1. Kindly identify segment 1-115 as rounded, prolate or oblate by the Cα gyration tensor criterion: order the square roots of the eigenvalues as a ≥ b ≥ c, call it rounded if a/c is under 1.5, otherwise compare a/b with b/c, prolate if a/b is larger, else oblate.
2. Mean residue ellipticity at 222 nm from the helices of the chain, using -39,500 (n - 2.57) per DSSP H segment of n ≥ 4 over the full residue count, to the nearest 500 deg cm²/dmol?
3. Which ³J(HN,Hα) values, rounded to whole Hz and listed in residue order, are derived for segment 47-57 from phi using the Karplus coefficients 6.51, -1.76 and 1.60 in 6.51 cos²θ - 1.76 cosθ + 1.60 with θ = phi - 60°, glycine and proline given as x?
4. In debye, nearest 20: dipole of the chain around its Cα centre with unit charges on the Cβ of K, R (+) and D, E (-)?
5. Using a Cα distance threshold of under 30 Å, what count of lysine pairs results for the chain when pairs must be 8 or more residues apart or interchain?
6. Enumerate the amide H contacts of ALA17 below 5 Å, restricted to partners 5 or more residues apart or on another chain; note that Pro and chain-start residues carry no placed amide H.
7. Averaged per residue, what accessible surface does segment 205-323 expose to a 1.4 Å probe, in Å²?
8. With springs only between Cα atoms under 10 Å, which of GLU259, GLU242, GLU281 fluctuates most in a Gaussian network model of the chain?
Amino acid sequence: MTVKLYWEDGRLTRFAARVTDAWPQGAHRIVALDQSAFYPTGGGQPCDTGSINAARVIDVEMADDGRILHRLDSDVTFSVGEEVTCEVDWRRRREMTQQHTGQHILSQAFFRLFGAETKGFRITDRATEIDLTLEAQPDEIERAIARAEELANDVVFDNREIRVHMVTPEEAAVLPLRKESFITDCVRVIEIDDYDLSPCGGTHAERTGEVGLITVRGWERAKKMTRVHFLCGVRALDDYREASRSVDSIALKFSAGREEAESSVTRLIDENKRLSRRARELAGIVAKVEAHELIEGAEPVGGARIVSRVFEDRDIEELKLLAHRLVDGDNVVALLASKEGGTARLVFARSANLSADMNALMRAACERLGGRGGGKPEFAQGGGPKVSELDRALEEAWTTVRSI
Ligand SMILES: [Zn+2]
């Protein structure tokens, strides 16, 4: 078994050790040492990285036999018994320790305030997650999270001492531990002064102040539990910087202070809704005027007027609006098309007093366009990818209507 130096001293980063085994694996080399300060992936916490001599340690695992196996990014050779110089990447260790210790603090806050137990825990690249037995309405969960976050940060600001105890299973049995331990030989208990007792094999801060700010980013229902995402220490600082940059950038667009950023956005959204409503009203008026002009300009065929027009950039809603206004009165057939976005779109409509079948007309036109379409005898829509056939399709429709 490898001696776990990280259990004795969470701040140890430089250490010497002897190689007990080493073997190649693909382009990498796996190295086992007699003692190691490298934390192996486990218990929801990702492993440390760093170096052994000049080689980079990219992964660390705990083998079933209790040896810590270090994966190096090169195939440099080692001999058994050789002394090596090792260094753990402190910035990464500190980041992980902050998230992990923060989890103890936040989990106890949920337990103390609401009796919610932590059933799952993992540190991901982006955040840390805990799965809680917390069941309530969304607004109640929001309030519970706010209270737990408040208590957790109080414990951080108190800068309480964190102590590590190695106890026997018998001793552990009488301690008020937050979660059940399944370790049978000896139990490592992490005590946060006058706050939390929890069996754990991870790396922890020496005082709660080292954890830094604890901030909850969000929550969701998962596996019939409440999954809370949070950030501690350097990650909370990075998130604060990003959020701050974002709100400053929004405020700048309004030439406002950051305190007015939210109200400025709300005003803009309200204004946009009002303008959209107004634009729809005006589009209705414009369509009426345009319809009138198009009917006036169309050549009379028998007792009816056929309005046939191809537009460059109108969407289907604009075509439909104009078609409706064109056929509001008697004796009009509207054959409208658009090439917007490189697709042929069609709307065919006729006045209620006429009998030409727009549905049949549309199906024939869409076949030519290589697309699909249809509708009712008095109103149909469709389209297709063959924009080059659009003029021919309209011409055919026009000829058909004319002959009815
Ligand atoms: Zn722990």
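The values are calculated or read from the model by the stated rules, or taken from the named source; none is laboratory data. Since we're looking at a predicted model, the values are computed, not measured. Using ideal geometry, Cβ is built from the backbone for each residue, glycine included, and neighbour counts are taken over all protein chains shown. For the accessible areas, the whole protein counts, side chains as well, though only heavy atoms, and no ligand, DNA or RNA atoms are used. Shrake-Rupley method; radii C 1.70, N 1.55, O 1.52, S 1.80 Å.
1. Values: a/c = 2.35, a/b = 2.27, b/c = 1.04.
Prolate.
2. The per-residue figure over the chain is -12000 deg cm²/dmol.
3. 6, 6, 10, x, 9, 10, 6, 9, 8, 7, 8
4. That gives a dipole near 1400 debye.
5. Lysine pair count for the chain: 20.
6. The list, which skips near neighbours in sequence, is VAL84, CYS86.
7. 65 Å²
8. With Cα springs under 10 Å in the chain, the top fluctuation among GLU259, GLU242, GLU281 is at GLU281.
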